[in-house]
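Take a look at the structure below.
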Amino acid sequence: MTLPLYQQLAELIKEEIHAGRYKQGQKLPTELELCELYHVSRNTVRGALLQLEKENLLLRQQGKGTFVSKKKYDHHIVPARSFTDMCREIGCTPDAKVIKSVIKDPQEEDIAFLDLRPEAKIIAIERIRYTDGVPVELEISHFPESFSYLLDEDLNHCSMLGLLREKYGVWFTKSRISLEVTFASYEMSHYLSVQRDYPLLLIDSQLSDQNGLPGCRCVQYVVGDKFKMIL
């Protein structure tokens, strides 16, 4: 059985997307240009684009045009889940770059969760997390002063949770997670290669260790259009 012409065109464009002729995020030619390119009517082009949009291969933006959808990575919202492990399980290459590693005053949320004395300090480590070389997340981890040994570790290109498990015998087994939408500050936009005020998903996790003791408060600013959240 012969497929309708618009479906044949949709299959052809799909093959060209997979072959790399049209790359992720690339703007497609206009409807009229596609008519001339494939020698079909405008109705056929519209039908094909609508079909591919339903399959989430294309994204049509009012007044801007039609774009190839960017790949989304699964982000499993699982207690104490390592970003590195998550990436490897879905076949992606993880990476990390440290941008700050300091001793500082705690925030109110840190004092409450980590059960700190008012005069206590915390260990604050900020890293950019990458998937297949693309910055997708700003990760801010706050630990009690007992974790000060992390300041002497090279936390670039590694899993911090994996390091804690394998070298120090500390692993986090429980977490309390909250989610909300926020917007990129100037500094965040620079780190994550997005525009200022770009929407981000804020994941605030409170992690407890194998003994049930509070050990880390981790705040992640995730580029939402690069991830599909899975509970």
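Given R0 = 41 Å, the distance between the Cβ atoms of residue 30 and residue 182 translates into a calculated FRET efficiency of 0.70. Ligands, DNA and RNA are left out, and with a 1.4 angstrom probe the accessible area of the chain is 57 Å² per residue. This structure gives log10 I(q)/I(0) by the Debye sum over Cα atoms at q = 0.09, 0.10, 0.17 Å⁻¹, computed directly, and of [x] -0.35, -0.44, -1.32; [y] -0.50, -0.58, -1.20; [z] -0.41, -0.49, -1.15 that value is listed as [y]. Label positions at residue 42 and residue 102, each projected 7 Å from the Cα along the C-beta direction, are separated by 5.8 nm. Of the DSSP H helices in the chain, not one has a Cα length along its own long axis of 30 Å or more together with a mean Kyte-Doolittle hydropathy reaching 1.6. Between residue 109 and residue 193, the contour length at 0.36 nm per residue exceeds the alpha carbon distance by 27.4 nm. A protection proxy built from the mean count of other Cβ atoms within 10 Å ranks the segments 36-49, 203-216, most packed first, as 203-216, 36-49. Carbon and sulfur together cover what percent of the accessible area of the chain at a 1.4 Å probe radius? Reported share for carbon and sulfur atoms: 50 percent. Contact order for the chain, expressed relative to its length and based on alpha carbon pairs under 8 Å spaced 6+ residues apart, stands at 18 percent. Calculated mean residue ellipticity, 222 nm, the chain: -8000 deg cm²/dmol, from DSSP H runs (n ≥ 4) at -39500 (n - 2.57) each, averaged per residue and rounded to 500.
Using the structure shown, list the pairs from 14/54; 23/54; 27/54; 27/64; 23/97 with a Cα-Cα distance above 20 Å, or answer none. In this structure, 23/97 lie more than 20 Å apart at Cα.
Residue 33 sits with roughly 100 Å² accessible to a 1.4 Å probe, with DNA, RNA and ligands left out of the calculation. Placing +1 on the Cβ of every Lys and Arg and -1 on the Cβ of every Asp and Glu, with nothing else charged, gives the chain a dipole about its Cα centre of roughly 680 debye. Counted residue by residue at 0.36 nm each, then reduced by the alpha carbon distance between them, the extension gain from residue 148 to residue 50 reaches 29.8 nm. For residue 16 and residue 93, a Förster radius of 35 Å and the Cβ-Cβ distance give a FRET efficiency of 0.85, rounded to the nearest 0.05.
The values are calculated or read from the model by the stated rules, or taken from the named source; none is laboratory data. It should be emphasised that the depicted structure is a prediction, and the values quoted were computed from it without experimental measurement. Using ideal geometry, Cβ is built from the backbone for each residue, glycine included, and neighbour counts are taken over all protein chains shown. Protein only, heavy atoms only, side chains kept; ligands, DNA and RNA dropped before computing areas. Shrake-Rupley method; radii C 1.70, N 1.55, O 1.52, S 1.80 Å.
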